[in-house]
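What follows is one structure encoded as structure tokens, with my remarks underneath.
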Amino acid sequence: MAEPLRITIEEGVIEPLPIAVPSFQAETGEAGQLAREIARLVVEDLTGTGIFKETPESAFISTVSDFNAQIQYADWKAINVQALVTGAVSVTGSNVNVKFRLYDVFSGDELGGGLQFSGTTDGWRRMAHKVSDAVYSRITGEGGFFDSRVVYVSETGPKNQRQKRLAIMDYDGANTQFLTDSSSIVLAPRFSPTGDRVLYTSYESGFPRIYVLDIGSVQRRVLESAEGTMSFAPRFSPSGETVVFSLTQGGNTDIYTMNINSGQQVRLTNTPAIETAPSFSPDGSRIVFESDRSGTQQLYVMANTGGEATRISFGEGRYGTPVWSPRGDLVAFTKQNAGRFHIGVMRLDGSEERLLTASFLDEGPTWAPNGRVIMFARETQGEGGVSSLYSVDVTGRVLRPVRTSEGGSDPSWSPLQN
């Protein structure tokens, strides 16, 4: 008897799993185009991971003409398909219903029960991403990441006159909306744990100040700090009630926390060094940050109450912008060494460092909700150089550009949407 279908995502090269996604069945007269587009987006999501490869329709022996029809496993096995996704779409007015089934061809069984999702026709892409998340999770045993969003800094214009504004988009670059105008420099947007708010740094007062923006209403407010100080590099705690950030006062930069409602601040570091880019662990008990207290820029971990910090980076070069994985097992970082920039990952004790990318300038990593993919910004060299978004899987095998309407930097990945 064949073993149940399951891909274990490990380091190193794996052979992509052959998958077939025939066009979904249109169960109402208006559903034909959406049925085709949803099936294609499911294919794009899954094959974009590098874990799956599509078996083209031209190779099909069987057709799927009815969502409830018996699967001819022998026909799919003959063309080496290992996973088969069938689906059906119905449209009533502005509402769409999408249902799907996943089959393990070689064991001849359905993998999990059928599922259906409902929404509006305008939100059809989310329905497709939800199908992709379910298929991915059932085959890999890992959480999905397709039904998520990314907030980033959208960039236009030459390097010396670059215009920057906050933008939000689906994880794959679709449905871009702008959250601010380009009248002031904005930096480092960061999602809240619930995905409904964004922290960012703005220079509209002439000095860096931290703002919190409600995505639904696009209303924002400044998080007040003392006169004569500069505050930047904010991130939410896992509870969403506290912000950790850097504050420069009298030429010295340290890390603080602030209760987002009361404004009460607590100083966590107190050294002559520059200490910045803090990021909470998933359980909120610790903070990873960058500091030059050793003479070069390195990564450190401390308790969420401050106190003694432990250095975790020891390789050649400079380390910065650390971000704790949502799985808690790795820290992603930017590394500069020998004239090149890299996005890398390491364990919390600094072991098993892996550099996933290399270029003129790679920086600003952010984790997908499942901790398996990292998005970052890559800038090209020269006066005409542009900054663009890329993603790379945690093994470093699958590097892809992310489609954006303009240049992009400083991405922050949301949690999965509800």
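Here are a few things to note about the model shown:
- Set of aspartates and glutamates near Lys159 by C-alpha distance (under 12 Å), chain-local residues within fewer than 8 positions excluded: Glu379, Glu383
- The mean sequence separation of alpha-carbon pairs under 8 Å and at least six residues apart, normalised by the residue count of segment 86-130, gives a relative contact order of 33 percent.
- Calculated [θ] (222 nm, deg cm²/dmol) that DSSP helices of n ≥ 4 give over the chain, each run adding -39,500 (n - 2.57): -3000 deg cm²/dmol
- Shape analysis of segment 147-193 based on the Cα gyration tensor places the equivalent ellipsoid semi-axes at 21, 12, 8 Å, largest first.
- Whole-Hz Karplus values for segment 101-113 come out as 9, 10, 10, 8, 5, 6, 8, x, 10, 6, 9, x, x Hz, taken residue by residue from phi with 6.51 cos²θ - 1.76 cosθ + 1.60 and θ = phi - 60°; glycine and proline positions read x.
- Cα-based reach from Lys130 at 12 Å (exclusive), listing aspartates and glutamates while leaving out same-chain residues under 8 positions away: Asp45, Asp147
- Between segment 218-261 and segment 86-135, the Cα center-to-center distance that results, in Å: 42 Å
- The mean sequence distance of close C-alpha pairs (under 8 Å, at least 6 residues apart), as a share of the length of segment 160-298, puts its relative contact order at 13 percent.
- C-alpha long axis of helix 124-140 to longest principal axis of the chain, angle in °: 90 degrees
- Around Ala358: net Lys/Arg minus Asp/Glu count, Cβ-Cβ under 11 Å: +2
- Nearest 10 degrees, 0 to 90: helix 32-47 Cα axis against the chain principal axis: 60 degrees
- Relative contact order of the chain: 11 percent, from C-alpha pairs under 8 Å at least 6 residues apart in sequence.
- Distant-in-sequence amide H partners of Lys53 (H built 1.01 Å from N, under 5 Å): Leu17, Ile19
- The amide H of Leu268, built 1.01 Å from its N in the peptide plane, has Ile255, Tyr256, Thr257 as neighbours under 5 Å, considering only residues 5 or more places off or on other chains.
- Kirkwood-based Rg to Rh ratio, the chain, C-alpha trace: 1.01
- Dipole of the chain, positive direction: furthest Cα of Val212, Ala368, Pro415, with charges on the beta-carbon: Val212
- Put simply, the amide H of Val96, placed in the peptide plane, has neighbours under 5 Å in Gly119, Thr120, Thr121, leaving out anything fewer than 5 places away on its chain.
- A simple charge model with +1 on the Cβ of Lys and Arg, -1 on the Cβ of Asp and Glu and nothing else charged puts the dipole of segment 26-74 at about 180 debye relative to its Cα centre.
None of the figures in this text is laboratory data; all of them are computed from the coordinates on show. Here the structure is a predicted model, which is why all the values come from computation and not from measurement. Positions of Cβ are backbone-derived with ideal geometry, glycine not excepted, and every protein chain shown enters the neighbour counts.
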